[in-house]
Every structure is written in structure tokens, then in C-alpha cells.
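Undergrad: Got a structure for you, questions after.
Read-outs throughout are calculated quantities, based only on the coordinates presented, and are distinct from any laboratory measurement. Just so it is clear, the model here is predicted, and its values are computed rather than measured. Note that each Cβ is placed from the backbone with ideal geometry, even for glycine, and that neighbours are counted across all protein chains shown.
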């Protein structure tokens with residue numbers, strides 16, 4: 001056996017070239033990360049744009065989280081490419097008919113926007129540290145301040161205007177970026193499992209719930225680590241947001257699957273065989289049962305009974321953790337599931353991910369972990385917890 | 001004939017190194033087409049072997065620029081049994097993944113109908129693979145062939161996903177996508193694609209659609225032909241004779 005690739009076992013008839021999986025676990029991780037970017041930004045915008053004061057305790061953490069995830073987003077793609085050194089070809093000579101050609105521009109634009117918004121938000125801290133700190137760290141903050149030390153009320157008003165404008169532009173930018181990821185899959189007519197007009201919307205709503213869930217987990221964990229009480233109105237607000245968007249997501253996924261079955265186009269028999277067989281555990285049990293239905297029931301119960309205190313914190317955090325898992329499974333079931341159903345419509349394949357190697361499970365775990373390692377460093381440099389009067 | 005440089009349109013104004021000009025070849029004067037007469041194919045697989053050697057395709061059972069499918073209808077069954085070279089039974093019968101042979105697995109069964117279907121890239125008029133390529137490394141030539149610039153491909157495999165025919169694969173040695181070129185290096189020198197040349201029964205037909213007397217023009221004119229998955233909108237350019245509705 002050639003060691004350069006791993007051939008997948010199959011049943012029925014699949015095209016010979018299909019036996020080597022084109023998009024591996026790294027392409028599962030890629031939309032997962034972009035989803036976290038968009039979702040975390042949504043939480044930040046609820047405060048920055050819509051002025052919802054209850055989200056203030058997490059607004060800056062959300063923005064920093066979004067940036068950390070965004071900085072890692074290109075990594076799974078670069079690891080996946082056969083020639084990562086040619087990656088910029090798509091930007092230098094974009095093939096305008098390709099949905100993928102826009103990625104470099106969309107991601108670049110959004111990353112700059114995020115960096116700018118973070119800069120404005122953390123500018124008071126940067127200026128304070130630039131004036132206080134000495135040595136390399138002092139240099140770091142002084143360079144980052146770009147020579148602007150003005151923290152007067154007028155300057156802060158000006159900053160707030162910029163933050164608002166960037167946050168407003170960021171909403172379509174963040175959601176457009178993730179909706180486009182859904183379009184990359186939904187627009188492919190070669191696979192019935194992917195080919196759906198609803199795919200961008202499903203990706204978008206699942207992104208929002210994954211980002212909100214991530215913020216819940218990060219906020220609760222950070223409060224524990226910093227030994228400060230959790231702001232319950234803020235947590236409740238995020239729980240309501242999660243609950244509401246979960247309803248939308250489940251509804252959209254349900255409608256998408258119903259229309260796939262109802263249309264009953266060629267190959268539907270094999271899709272149903274897949275759904276009733278290999279997909280039972282990853283979809284019905286893990287994604288839908290454990291990851292979606294269970295947290296939805298827990299959240300509904302807590303909202304209905306008006307539960308508060310430590311039980312609320314534990315219940316919401318556990319639900320959020322399960323939702324994070326569900327969205328990861330959703331990405332898996334889309335990306336891997338689509339490829340396990342053969343293009344022939346007459347066979348099924350079975351993906352066994354490698355553990356080691358460029359496209360192995362360990363690489364994927366490293367990519368998913370990287371934003372949080374980065375975040376743990378960033379919160380030390382730019383503490384998102386401070387809410388003094390000068391913080392925008 | 002005037003010498004005209006073959007420069008892919010997608011790259012001419014952009015950047016990648018254009019392929020070298022082919023002396024004496026003007027791609028505006030040709031439009032290539034391919035025919036398959038499935039009633040003639042005997043499943044000898046000389047075409048598969050020739051293609052692998054001619055184009056340096058990995059000698060295994062999972063990478064093919066062209067392959068042959070076998071459709072067997074057994075008595076009492078309403079769906080055909082389909083297999084090809086990646087089937088473990090065929091690999092075992094061949095002796096290795098680098099040899100290609102159909103196992104005589106139905107010798108004791110009551111076969112109602114059976115036939116072979118050679119498959120290859122359809123060099124579509126509206127190729128989905130070209131549409132999705134983010135860099136333009138895969139492109140449609142003036143003479144109707146879909147090619148890949150291996151020096152410009154980034155290896156994202158979006159095109160592999162987009163092809164409804166499973167005609168594309170990832171070349172692990174070069175780390176780029178790969179597929180049938182109708183032996184572009186041969187046809188631009190007046191030769192036949194390797195698979196067509198070695199076919200002992202004339203099941204593969206190739207020629208210039210602009211030439212009314214070419215084998216492909218006559219094949220299309222004299223037969224009622226069919227293309228695979230016409231509903232895809234890709235407008236494929238491999239014309240089939242003698243296949244059933246169950247052919248995938």
C-alpha cells in the first residue's frame with residue numbers, strides 16, 4: 001500500500017478516485033473556527049452596536065476571542081493545501097467564478113477590521129501601559145499606541161464612534177464570511193448532501209450559537225480562574241441568546257433535511273441508508289440528541305423555573321459546552337458525511353482519520369486549541385475584564 | 001499552418017507561466033471530442049494500463065485518469081452489480097493494486113445482461129471544476145480540453161469535489177490535482193490519446209469535431225449518442241453509445 005494516502009473502505013459502488021478522501025478533518029475544523037469568529041463577534045455587537053448593557057462584561061472578551069480565532073482560521077486551510085507556498089495565487093490571480101477565490105479578500109478585510117476594532121477598544125489600556133511599563137513590554141505598548149496618548153473625553157468620544165462604525169460594518173462582514181463558507185458547500189451540485197440553498201443560513205445560525213456558547217464557557221471559566229462572581233444578568237442574556245438562535249438553527253436544519261428527503265432526487269435511497277446507518281451515532285445521538293436536544297431542554301427548564309445562582313451557572317455552562325460539541329459534530333457530518341456518500345449514488349465510504357500527520361486528528365486538535373492558547377496570552381496583554389469609565 | 005502560441009486565456013493576463021508554444025499547432029483550428037462505444041468494449045483494460053504508463057499515473061487502484069466499470073444484471077435482480085479496479089475482489093484477482101483485471105466472479109451466476117463502460121474526464125463545455133478553481137490553475141482550452149497547470153495549482157481539491165463524474169484525483173507525489181487530458185501532449189502532435197491507440201476493438205473514438213470526416217464526427221453522426229449526467233448542466237463532451245439508464 002502506498003503510504004502517501006489512505007484508501008477508504010466502501011460498500012456498493014463508488015468511483016475509484018473517490019476512495020481517497022479529498023477534504024479531511026482539517027476542513028471540518030476550518031468552518032468550525034470561522035463560525036466561532038462570527039458567533040463571538042455577534043455577542044460583542046449586542047453590546048457595541050445594540051447597546052445591550054447586560055453583555056458589557058463579555059463584550060471585550062468576545063472581541064478578543066473573535067480576533068484570536070480569526071488569526072488561526074487560515075491555518076487548517078494552509079495545512080490542507082498541497083502547495084501552501086502557492087496559497088497567495090488565489091489572491092494575486094483570483095479566478096472570479098470561484099466561490100473560494102473571495103476567501104483571501106473577505107478574510108483579510110475582516111481580520112483588519114477586527115484588529116482595528118480591538119485596537120480602539122483596548123487603546124486606553126495600551127496608552128496606560130505605554131506610560132507605565134518599562135523595558136520590552138513598555139516598548140511593545142508604545143509601538144502599539146502608534147504615538148497617540150490622548151485619552152481625553154473628546155478623544156474617547158472619537159474612539160467610540162470608530163468602534164461603533166467598525167462593529168456595524170463587522171456584522172455583515174463576519175456573517176458574510178461565514179455564510180460564504182456555507183455557500184462553498186451548498187453551491188456544489190455534485191453532492192446531493194451538500195447541494196442546498198439553505199446551507200449558508202444553516203452555517204450562519206450554527207455559527208452564532210457556537211460563538212455564544214463559546215463565550216459562555218470562556219466567561220464562566222475566566223470568572224472561576226479570576227475568582228470573581230459570574231454576572232448573572234449577563235449569563236442569562238447569553239443563555240437566552242443561545243436558546244433563541246438554537247431554535248432557529250434546529251428549524252433550519254430540519255427544513256433542509258425535510259426538503260432533501262421530500263425532493264427525493266436521484267441517490268436519495270443511498271442518503272437514507274446512510275442516515276439510518278452510519279449517521280445514527282454522529283448525527284442522531286451526538287449532534288441532535290446530546291448536543292442539541294439535551295442543552296435545549298436544560299436551558300428551557302432553567303428559564304421556565306427561573307433558576308438562578310450556582311445551579312444556573314453550572315447548567316448554562318454545561319449546556320453551552322454541549323452546544324459547542326454539537327456544532328463541531330454538525331461540521332463533521334456536513335464535511336465528512338458529504339464525502340462518505342458516493343457521487344455515484346450507489347455506494348457509501350467510511351472515513352478513518354489518521355492520528356498523526358499533516359491532516360491527522362492531532363493536527364486538527366492543535367488547530368482548534370491554538371486560538372485559546374493565543375487568547376490566554378492576549379488576555380494578559382489586553383485584559384478584557386476592566387470596565388472603568390474610560391473603557392469604551 | 002501558422003505557428004501560434006498556446007496560451008491559456010485564464011492566465012494570459014494574470015501571471016502564471018504559460019505552457020510552451022507547440023510548433024505548428026493552432027488551437028483555434030480544432031475542437032476535440034471523444035466517443036465511447038460500450039457495445040464494443042471487452043473489458044481488457046489495456047486502455048487503463050496504457051494511460052497509467054503514458055501519463056505516469058500512480059500504479060494503484062485508487063488513482064485513475066481513465067477506468068472501466070462493469071455492469072452485470074443477474075437473473076432475478078432489478079439493479080445491476082457494478083465494480084471496477086478498486087474492488088477488493090478484482091485487486092485479488094489481479095495479483096496486486098498495480099495490475100488491472102476483472103475477476104471472473106460471475107462464472108457460476110445466471111447473467112441476464114452485462115457490459116463494460118469506459119470512463120474518463122468529460123472535458124465539459126461548462127466544467128464545474130474550472131468554475132470553482134480559486135486560482136485559475138484549471139482552465140478550458142480553445143480546442144475544448146480541460147487542463148490543469150501543475151505549476152500553479154495550490155492543491156485545495158475544490159475541483160475534485162465539484163466534478164460529478166469522479167474524474168479528478170489528488171496526485172500525492174506532485175501535491176496537485178490530476179485528471180485525464182485526452183493526452184494533450186499527443187493530440188497536439190497529431191497522435192491519438194494513448195487509450196484510444198491501444199484499444200483492440202475500437203471502443204474508444206477520438207477526433208476533431210470541426211472536421212466532419214473525423215472518426216468522432218462520424219461516430220456522433222451515425223449513432224444516437226448519450227452523455228453522462230446531462231442534468232448537471234456541465235455539457236459533457238464524451239459521447240456514449242450502448243449504455244443503460246443505470247450507468248452512473
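Undergrad: Over the range B:199-248, what portion of Cα pair distances is larger than 16 Å, expressed as a whole percent? Mind dumping the intermediate values first?
TA: On the way: 573 of 1225 pairs.
Beyond 16 Å sits 47 percent of the P(r) for the range B:199-248.
Undergrad: Per DSSP H run of n ≥ 4, the term is -39500 (n - 2.57); total these for chain A, divide by its residue number, and report the mean residue ellipticity at 222 nm rounded to 500 deg cm²/dmol. Please report the intermediate quantities before stating the final value.
TA: Working: 13 runs with 260 residues, N = 392.
My calculation for chain A gives -23000 deg cm²/dmol from helical runs alone.
Undergrad: I would also like to ask the following. Report, please, the projected area of the range A:193-241 averaged over directions, based on the convex hull of its C-alpha atoms, in nm². Don't skip to the end; give the middle numbers.
TA: Numbers: hull surface 16.6 nm².
Over all viewing directions, the range A:193-241 projects a mean Cα-hull area of 4.1 nm².
Undergrad: If I model a spin label as a point 7 Å beyond the Cα along the Cα-Cβ vector, how far apart are those points for residue B:56 and residue B:185 in nm?
TA: 0.7
Undergrad: Using the Cα atoms of the range A:259-324 to build a convex hull, what is its mean projected area in square nanometres?
TA: 5.6
Undergrad: Follow-up. Placing one identical point scatterer on every Cα of the range B:59-119 and ignoring solvent, what is log10 I(q)/I(0) from the Debye formula at q = 0.12, 0.26 Å⁻¹?
TA: Summing over Cα pairs of the range B:59-119 leads to -0.30, -1.10.
Undergrad: Percent relative contact order of chain B, based on C-alpha pairs within less than 8 angstrom and at least six residues apart?
TA: Values: 483 pairs, mean separation 63.9, N = 248.
Contact order relative to length: 26 percent.
Undergrad: Shifting gears a bit: Tell me, what are the semi-axes, in whole angstrom and largest first, of the equivalent ellipsoid of the range B:101-248 as set by the roots of 5 times the Cα gyration tensor eigenvalues? Before the final figure, lay out each step's value.
TA: On the way: eigenvalues 148, 87, 52 Å².
Its equivalent ellipsoid spans semi-axes of 27, 21, 16 Å.
Undergrad: Enter the Cα centre distance for the pair the range A:176-212 and the range A:276-298, rounded to the nearest angstrom.
TA: Using only Cα atoms, the two centres lie 19 Å from each other.
Undergrad: So what's the gap between the Cα centers of the range B:36-80 and the range B:193-248, to the nearest angstrom?
TA: 15
Undergrad: Something else: On C-alpha positions alone, give me the angle between the axis of helix A:153-186 and the longest principal axis of chain A, in degrees, nearest 10.
TA: So the inclination is approximately 0 degrees.
Undergrad: Rg (Å, one decimal) plus Dmax (Å, integer) for the alpha carbons of the range A:159-313?
TA: Considering the range A:159-313 through its Cα atoms, Rg and Dmax are 18.9, 58 Å.
Undergrad: For chain B, what log10 I(q)/I(0) values come out of the Debye formula at q = 0.08, 0.09 1/Å, with one point per alpha carbon and no solvent?
TA: -0.32, -0.40
Undergrad: Which percent of Cα pairs goes in each bin when the distances of the range A:322-373 are cut into 5 angstrom slices starting at zero?
TA: Taking all Cα pairs of the range A:322-373, the binned fractions are 5, 16, 17, 25, 19, 10, 5, 2, 1 percent.
Undergrad: Roughly speaking, what is the stretch gain from residue A:311 to residue A:153, that is 0.36 nm per residue apart minus the C-alpha to C-alpha distance, in nm to one decimal?
TA: Separation in residues times 0.36 nm, less the Cα-Cα distance, equals 52.7 nm.
Undergrad: Can you tell me the Rg and Dmax of the range A:129-207, counting just the alpha carbons, in angstroms?
TA: 21.4, 60
Undergrad: Using every pair of alpha-carbon atoms in the range A:24-145, split the distances into 5 Å bins beginning at 0 and state the percent of pairs per bin, rounded to integers.
TA: The distribution over the range A:24-145 is 2, 10, 15, 17, 16, 14, 12, 9, 4, 1, 0, given as percents.
Undergrad: While we're on this one: Nearest 0.05, what FRET efficiency do residue A:109 and residue A:251 give at R0 = 35 Å with Cβ-Cβ as r? List each step's numbers first, then the result.
TA: On the way: r = 31 Å, r/R0 = 0.88.
Efficiency, from the Cβ-Cβ distance: 0.70.
Undergrad: Percentage of Cα-Cα pair distances in the protein assembly as shown greater than 43 Å, rounded to whole percent?
TA: 32
Undergrad: Put a dot 7 Å past each Cα toward the Cβ at residue A:240 and residue A:134; how far apart are the dots in nm?
TA: 5.1
Undergrad: For residue B:212 paired with residue A:143, estimate the spin-label separation in nm (one decimal), with each label point 7 Å from Cα along the Cα-to-Cβ line.
TA: Each label point lies 7 Å from its Cα, and together they span 7.4 nm.
Undergrad: Provide the FRET efficiency to the nearest 0.05 for the residue B:101-residue A:269 pair, computing r from the beta carbons and using R0 = 30 Å.
TA: Working: r = 31 Å, r/R0 = 1.02.
E between residue B:101 and residue A:269, to the nearest 0.05, is 0.45.
Undergrad: Starting from the Cα gyration tensor of the range A:271-392, take the square roots of the eigenvalues, sort them a ≥ b ≥ c, and report rounded, prolate or oblate (rounded when a/c is under 1.5, otherwise prolate if a/b is larger than b/c, else oblate). The partial results should precede the final answer.
TA: Details: a/c = 3.37, a/b = 1.46, b/c = 2.30.
Note, shape of the range A:271-392 comes out oblate.
Undergrad: For chain A, take the longest principal axis of its alpha carbons; what is the angle in degrees between that and the long axis of helix A:56-72, to the nearest 10 within 0 to 90?
TA: For helix A:56-72, the angle is close to 50 degrees.
Undergrad: Cα centroid distance between the range A:134-153 and the range A:336-378, in Å?
TA: 41
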